[in-house]
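Every number in this text was worked out from the coordinates using simple rules, so none of it is lab data. Keep in mind that what you see is a predicted model, and the values were worked out from it rather than measured. All Cβ positions, glycine included, derive from the backbone under ideal geometry; neighbour counts span all protein chains shown.
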């Protein structure tokens with residue numbers, strides 16, 4: 001199978017993912033990601049894996065991962081448009097080829113740290 005390379009750069013992809021999470025994820029999604037556990041190649045430890053873990057298990061059982069659950073949610077609510085599954089994950093900074101994963105992880109960590117700093121009391 002051939003995967004299409006997204007036309008957005010990595011920062012744009014992560015920003016698109018954060019916007020999607022702001023709209024469709026829990027209000028505290030950025031606080032649900034444990035930076036020390038973040039591993040973009042894992043459907044359980046990636047951003048979506050951590051953010052949607054509880055909902056995935058509650059709705060579908062112990063074996064369901066948060067990444068797959070969120071991809072299905074994007075298809076079900078129409079926000080995935082014509083990019084279902086892995087391609088949607090790529091265009092929103094949740095997935096990528098091997099060369100992208102470390103860079104995506106770093107960008108997500110930076111975005112989450114920035115959000116935490118914004119929420120921290122002055």
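Is there any pair linking a residue in the range 8-28 that is more than 13 Å from residue 96 (Cβ to Cβ) to one that is loosely packed, with under 12 Cβ neighbours inside 10 Å, with Cβ under 8 Å and at least six apart or on different chains, and which?
That search, which allows pairs on different chains as well, returns 24/77.
Could you tell me how many of the residues in the range 20-52 are surrounded by 13 or more Cβ atoms within 10 Å (Cβ to Cβ) and within 21 Å of residue 119 (Cβ to Cβ)?
Total meeting the criteria: 16.
Which residue pairs have Cβ atoms under 6 Å apart, sit 6 or more places apart or on different chains, and have a first residue in the range 34-46 that is free of Cβ contacts under 8 Å to residues at least 24 places away in the same chain and a second that is assigned to a loop (DSSP other than H, G, I, E, B)?
Between residues of the range 34-46 that are free of Cβ contacts under 8 Å to residues at least 24 places away in the same chain and residues that are assigned to a loop (DSSP other than H, G, I, E, B), the close pairs are 37/45; 44/65; 45/39.
Select from the range 74-104 the residues that are assigned to a helix (DSSP H, G or I) and either touching a helix residue (DSSP H, G or I) at 6+ places or on another chain (Cβ under 6 Å) or buried (at least 20 other Cβ atoms within 10 Å of the Cβ) (or both) and list them in ascending order. Before you say what the answer is, go through the steps one by one.
Of the residues in the range 74-104, the ones assigned to a helix (DSSP H, G or I) are 74-76, 86-91, 98-104.
If the condition is that a residue be assigned to a helix (DSSP H, G or I) and either touching a helix residue (DSSP H, G or I) at 6+ places or on another chain (Cβ under 6 Å) or buried (at least 20 other Cβ atoms within 10 Å of the Cβ) (or both), then 74, 88, 89, 90, 91, 103, 104 are the ones that fit.
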